[in-house]
1. Given a cut-off of 34 Å, what percent of all Cα-Cα pairs of the chain lie beyond it?
2. In which sequence would 30, 122 go, from the one with the fewest C-beta neighbours within 10 Å to the one with the most?
3. Over all alpha-carbon pairs of region 266-418, lay out the pair-distance distribution in 5 Å bins, whole %, shortest bin first.
4. Where does the chain land at 222 nm, in deg cm²/dmol rounded to the nearest 500, when only DSSP H runs of n ≥ 4 count, each adding -39500 (n - 2.57), divided by all residues?
5. For region 189-327, what is the largest minus smallest coordinate of the Cα atoms on each principal axis, given in angstrom and ordered from greatest to least?
6. In whole angstrom, how far apart do the alpha carbon centroids of region 101-170 and region 262-310 sit?
7. Expressed as a rounded percentage, what relative contact order does region 84-329 have, with Cα pairs under 8 Å and six or more residues apart?
8. Once you keep just the Cα pairs under 8 angstrom separated by 6 or more residues, what percentage relative contact order results for the chain?
């Protein structure tokens, strides 16, 4: 049996467990990881022995994020078409940095970006890139913003850095996601020097609290509050444009919502491994001004000789990287516009079902711990507005009505006695 046969057998066995195995691994399965080789061996192991370790020891300790009963984080499962494309792309081992490195990978990436932009109602003139996740998508969009805002002052930040750069304000919502602050820090714009705009009871930036700006600023909106799912109002874009500010939208999952309409913004960040349900890792960024993005991310070298067409490495922070666009292209082709919309709406319907049932019951951390220990489903908690709350993220194509009812049954089984 060759390596592909071993892989196919292991993959089928894993898929067969999705309905019966606990979603979070047992303590025994986690403890078994300590039996793996701890020291770097002087001689290598045969492939058969490595695969045996992976299937017998490592596989049982994985989290079934592909299960329809995993609700811990905003983690979409992998659509069958996306998973198959991902595996085939791994066999091809394509480098999606330049078209000359892989005409096929770059072409599929180009098409997938165009389809995604169309679905998200992003202007056709905007250009995009696949990156590792929403954090790097935020980083990339904000880098383009930094370039544009400083270039307006005659400052070339890519050449001169920030040491002599003019200042500009950065506005964020009171409940902006932590990944946005990480991106600002990596760009030298600082976590703590931002202006925080007060939020309403759902975590949305309040338009009535938006400050009057006397100079162009970087304004960061949020499409999808991490606790409530709420979307910042597009009205804020018009308020920001009164000062010629750059508007960036952090829309890791919320940008996929039919209610999201941020076409007037300047840059957009989202995830493919959330509501598009492609394998990790996959983030997507779009920027309205192609020159701003290429100036912030472009690079040159005598041996590269990039073509005049779409070249991924000129649009994102990575050079050599996996061909993420192949997964996305296959997912989009398998769903179509209608299927993608229906998948999102189905997830929202499941979430409403959870909310309607659990609203009648009081939740405690001890209750949550008991549910997690059983393993029938997995969900997490959060601290929001000073209160501890359940956080049930429904974002997988694989979640069915039966998965929801099985999970609710587990939750109700462990309710504390009154």
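We did not get these values from a lab; they are worked out from the coordinates using the rules stated. Computed from a predicted structure; not experimentally measured. Cβ coordinates were reconstructed from backbone atoms using ideal geometry, including for glycine residues, and neighbour counts include every protein chain displayed.
1. Of the Cα pairs, 38 percent sit more than 34 Å apart.
2. Details: 30 12, 122 25.
Lowest to highest Cβ neighbour count: 30, 122.
3. 1, 7, 13, 15, 13, 12, 11, 9, 7, 6, 4, 2, 1, 0, 0
4. On the way: 13 runs with 160 residues, N = 418.
After summing the helix terms and dividing by the residues of the chain, the value is -12000 deg cm²/dmol.
5. 53, 37, 28
6. 5 Å
7. On the way: 492 pairs, mean separation 77.8, N = 246.
Relative contact order here is 32 percent.
8. On the way: 729 pairs, mean separation 104.6, N = 418.
Rounded, it is 25 percent for the chain.
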